[in-house]
Amino acid sequence: MQRLKTRPQFQATMSAGTIARTSHFALHRMELVAMQKDMTADPRTGPGSDDPQALFGIGEVREQAWLGAMVPKRWARRSVTRHAIKRQIYAVAFEHEAALAHAAYVVRLRSGFDRKQFVSATSDPLKAAVRQELQQLFATGTRRLTKEKQASHSAADLKKNLPQALDGKASAASDSIAHQAEPQP
């Protein structure tokens, strides 16, 4: 699993949309398309490219999962808490790495944890709450992705089989019209 490092990588991934949310986290996803064998002929991937796919390298690197964690100071004041949450994000994402391939992801903290409930910056209850919510986030995201893949596969099958079915129905309709007796005056 590769880690997002630059601001443009984070921005491109977050602009692609959100696939799952929980009360404290959001999961953003940008699908990475496979690269062509001949990269020299494609000017969109060079320096100064506007193509967001160019930010994620070429070759086998695109087939891996890319992950970034965004934990703003606004929602986690103490750096110890921010780092603990980031460690939890990367640990839970590593468990789901197989389902995350061929895309870039950003896990963003979107609201803070109650400091009255979690007094210590790195308490075990805080870590457990974060981990449980992250597992829920990734499970929801992978479930949504599998539904989308199944829908796209069934749509592709329908496109492939629809012309054959329509041709069969059209020929059957034309045969039935041709075999009808002409009305006699």
All-but-one check, PHE118 against (1) surrounded by 13 or more Cβ atoms within 10 Å (Cβ to Cβ); (2) modelled with pLDDT under 90; (3) in a helix (DSSP H, G or I), failing number (3)
Are any residues in segment 136-145 of a type in the set (Val, Ile, Thr) and either without any contact (Cβ under 8 Å) to a residue 12 or more places away in the chain or under 12 Å from THR18 (Cα atoms) (or both), and if so, which ones? THR140
Any residue in segment 62-70 that is modelled with pLDDT of 90 or more and more than 24 Å from PRO8 (Cα to Cα)? no
May I ask you to list the residues in segment 96-116 that are more than 19 Å from VAL71 (Cβ to Cβ) and among the charged types (D, E, K, R)? GLU97, LYS116
Quick count over segment 74-106, residues being more than 19 Å from ARG29 (Cβ to Cβ), open to solvent by 50 Å² or more (accessible area, probe 1.4 Å) and either in contact with a helix residue (DSSP H, G or I) (Cβ under 7 Å, 6 or more places away or on another chain) or in a helix (DSSP H, G or I) (or both), is 4
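Quick one: in segment 21-47, which of the residues that are open to solvent by less than 90 Å² (accessible area, probe 1.4 Å) and β-branched (Val, Ile, Thr) is modelled with the highest pLDDT?
Filtering first and then ranking leaves THR22.
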Can you name the condition, by its number, that THR18 falls short on among (1) out of contact with any helix residue (DSSP H, G or I) (no Cβ under 8 Å at 6 or more places or on another chain); (2) of a type in the set (Val, Ile, Thr); (3) modelled with pLDDT under 70? (3)
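Check segment 124-143 and report whether any residue there is modelled with pLDDT of 85 or more, over 30 Å from SER79 (Cβ atoms) and either of a type in the set (Ser, Thr, Tyr) or assigned to a helix (DSSP H, G or I) (or both). Give the derivation first.
Step one: filter segment 124-143 for residues modelled with pLDDT of 85 or more, giving 124-143.
After this cut, where a residue has to be over 30 Å from SER79 (Cβ atoms) as well, the list is 142-143.
If we keep only those that are either of a type in the set (Ser, Thr, Tyr) or assigned to a helix (DSSP H, G or I) (or both) as well, we get 142-143.
Yes, segment 124-143 has at least one match.
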Does at least one position in segment 48-61 carry a residue that is modelled with pLDDT of 90 or more, among the hydrophobic types (A, V, I, L, M, F, W, C) and in contact with a strand residue (DSSP E or B) (Cβ under 9 Å, 6 or more places away or on another chain)? no
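The values are calculated or read from the model by the stated rules, or taken from the named source; none is laboratory data. What you see is a predicted model; the values in this text were computed from it and never measured. Don't worry about glycine lacking a Cβ; one is built from the backbone with ideal geometry, like all the others, and counts go over all protein chains shown. Areas reflect the complete protein model, heavy atoms only, side chains present, ligands, DNA and RNA absent. Shrake-Rupley method; radii C 1.70, N 1.55, O 1.52, S 1.80 Å.
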